[in-house]
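Novice: I have a structure here, written as structure tokens, and I will follow up with some questions on it.
Bear in mind these aren't lab numbers, they're just calculated from the coordinates by the rules spelled out. Since the model is a prediction, treat every value here as computed from it, not as a measurement. Because the Cβ atoms are built from the backbone with ideal geometry, glycine has one as well, and the counts that use them run over all protein chains shown.
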Amino acid sequence: MTYSAADGILAEVQAGEYLEKKGYRILDRNIAYKGAGELDIVCEDKKTIVVVEVRYRKDGEYGSPLESITKPKMRRIIRTAERYLAERKLYDRPVRFDVVCVTDRGCEHVVNAFYGDFY
């Protein structure tokens, strides 16, 4: 199971287009903090800030894209989101963590895929 960087970029583009069609407003993409982590997509769903992890799998041979998110990965996303929200002074807004699973069959959006309180 090897994917190229192009596969990942294409999956993120597809996920962004999918979210926009659902009425989400994209705020940022590919926010990276050295030594902390990366946020694939940050968007708004009405008044809620939504941090979206994009996962790609060509098919289900190695499990679903959602199954590939480990607890350490979730913790990194949450820590990175905390930094992003503080820098942009968005800490007073409700926040949600979603996952968009991209396969060759399309996109699946998992709302509230994980929470920040499972440490």
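Novice: In region 15-113, which GluC sites (Glu not before Pro) are in a loop and have at most 14 other Cβ atoms within 10 Å, using DSSP for the loop call? Mind showing how you got there, number by number?
Specialist: Working: sites: GLU17, GLU20, GLU38, GLU44, GLU53, GLU61, GLU67, GLU82, GLU87, GLU108; in loops: GLU61.
Passing sites in region 15-113 are GLU61.
Novice: Report the residue, chosen from LEU39, LEU90, LEU66, that carries the largest GNM mean-square fluctuation when the chain is represented by alpha-carbon nodes joined by springs under 10 Å.
Specialist: Maximum among the listed residues: LEU90.
Novice: Do the alpha carbons of any pairs in LYS47/LYS73; LYS22/LYS89; LYS22/LYS73; LYS21/LYS46 sit beyond 24 Å of each other, and which pairs?
Specialist: Working: LYS47/LYS73 26 Å; LYS22/LYS89 26 Å; LYS22/LYS73 26 Å; LYS21/LYS46 14 Å.
Going by Cα-Cα distance, LYS47/LYS73; LYS22/LYS89; LYS22/LYS73 fall outside the 24 Å limit.
Novice: Springs between alpha-carbon atoms under 10 Å, Gaussian network over the chain: tell me which of THR70, THR80, THR103 tops the mean-square fluctuations.
Specialist: For the chain, modelled as a Gaussian network with Cα springs under 10 Å, the answer is THR70.
Novice: What 222 nm value per residue comes from the helices of the chain, counting each DSSP H run with n ≥ 4 as -39,500 (n - 2.57) and dividing by all residues, nearest 500 deg cm²/dmol?
Specialist: On the way: 2 runs with 34 residues, N = 119.
Helices in the chain give a 222 nm mean residue ellipticity of -9500 deg cm²/dmol.
Novice: Using only Cα atoms, find the angle between the long axis of helix 71-87 and the longest principal axis of the chain, and express it within 0 to 90 degrees, rounded to the nearest 10.
Specialist: 40 degrees
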